Amino acid sequence: MTAGDGIDRIAPTVRPGGRAAMRQRWSRLLFLHWPIRADEMWPLLPRGVDLDTHDGQAWVGLVPFVVTGARPVLLPAVPGLSSFVEVNVRTYVHYRGRDPGVWFFSLDASSRVAVFVARRLYHLAYRFAEMTADVRGDRVHFRSRRIAPGPRPGTCAVEYEPRGAVAPAAAGTLEHFLLERYVLYSTDGRRLYQGRVHHPPYPTQAAAVDGLAEDLIAAAGLLRPPCDPLVHYASGVDVEVFALTTLD
C-alpha cells in the first residue's frame, strides 16, 4: 500500500530476511506528538534523508517506555543489564522516497551499557540519564534527568495511564504514520546508515497524561508548540533488532 505521496508504508512492516542481532521487549510506551513546521526541522536532519510528512505536516515525538530482556540473539538476558528505562525525541524521514523511518534527535537511557553499545554499534545519539518508571497499577510515573554526555538540560517528567479499547492503527491514518515505524537512520558524521526492527503492530490505546514537564525537545534544537500533544499508548511488543546497513 502506498500513500498519496507514493511512499510504501506497509513494506517496512514485513520482517526482514536473515537473523536478528538483538531481541528485547518494549513496554508501557507513551507516544506524544506535536505538529511542527518543516522549515524548523530541515536544518537538524543529516544529509541523505528527506523529511517525511503526513498531508504536508511534520511532527516531533517524545516517547518514554521501558525495555526488558535486551540481549544479543544468541545469548540470554543478564539480570541488571538487560532492563532499563528510555525516552527518545524523534521525527520522521524517508530515503529517496522509500523506507519511511525514524530520525532520533536523542535517546536517553538508564543503562550505561545500552548507551555504550547503541552509540558504538548503531551510531545513535544515546545519552545516560538517571531515570525511573514507577508503575502503580496501570499508572506510570516517569522521571528522567540526563547525566552525560550533553547537551544539557535534558529532563522529562510525566504521569500516564492507558484508557479505552485496544486496536492496531489502521493503515493510511495519522496514527499509523506516527506509530508504525520499523526503520531507523543514523550517521557517524561521514556515512548514513539504515537499521531495521520488527515487532507485531502496536496494541494502541488512548491515554490520560498528567504533569508533563520536559526540555528534551528544546535540547534537540526545536521549539515545542504550545498546543496539547496527540497521545497514544501501547502496553508492549516483543522486538527484533537487525544490524545496520550502509547507505552512502
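Annotation note: of VAL183, VAL158, the sole residue that is touching a Leu at 6+ places or on another chain (Cβ under 6 Å) and closer than 20 Å to HIS33 by Cα is VAL158.
Contact map, segment 226-248: first residue without any contact (Cβ under 8 Å) to a residue 60 or more places away in the chain and open to solvent by 20 Å² or more (accessible area, probe 1.4 Å), second residue in a strand (DSSP E or B) and of a type outside the set (S, T, N, Q), Cβ cut-off under 7 Å, separation 6 or more or different chains; pairs are THR245/TYR193; THR246/TYR193. Within the set HIS94, HIS123, the sole residue that is within 18 Å of ALA58 (Cβ to Cβ) and more than 13 Å from the chain's Cα centre (by Cα) turns out to be HIS94. For first residues located in segment 153-168 and small (Gly, Ala, Ser), partners that are open to solvent by 50 Å² or more (accessible area, probe 1.4 Å) and part of a strand (DSSP E or B) and lie 6+ apart or on another chain with Cβ distances below 7 Å form the pairs ALA157/ARG143; ALA157/GLY211; ALA157/ALA213; GLY164/ALA206. Looking only at segment 194-204, residues that are assigned to a strand (DSSP E or B) and surrounded by fewer than 19 Cβ atoms within 10 Å (Cβ to Cβ) come to 2 in all. If you go through segment 163-193 and keep only what is surrounded by fewer than 17 Cβ atoms within 10 Å (Cβ to Cβ) and polar (S, T, N, Q), you end up with just THR173.
Here is the figure for segment 148-185: residues that are part of a strand (DSSP E or B) and farther than 22 Å from LEU29 by Cα total 1.
The residues on offer are ARG98, ARG15, ARG47, ARG9, and the sole one that is touching a residue at least 60 places away in the same chain (Cβ under 8 Å), basic (Lys, Arg) and in contact with an Asp or Glu (Cβ under 7 Å, 6 or more places away or on another chain) is ARG98. Of all positions in segment 68-81, at least one carries a residue that is within 20 Å of GLN194 (Cα to Cα) and either modelled with pLDDT of 95 or more or over 17 Å from the mean Cα position of the chain (by Cα) (or both). Among the residues of segment 37-59, those identified as open to solvent by less than 10 Å² (accessible area, probe 1.4 Å) and not charged (D, E, K, R) are MET41, VAL49, ALA58.
The values are calculated or read from the model by the stated rules, or taken from the named source; none is laboratory data. Here the structure is a predicted model, which means the values were calculated and not measured. As a convention, Cβ positions derive from the backbone with ideal geometry for all residues, glycine included, and neighbour counts pool all protein chains shown. The protein model used for the area step is the full one, side chains on, heavy atoms only, and it has no ligands, DNA or RNA in it. Shrake-Rupley method; radii C 1.70, N 1.55, O 1.52, S 1.80 Å.
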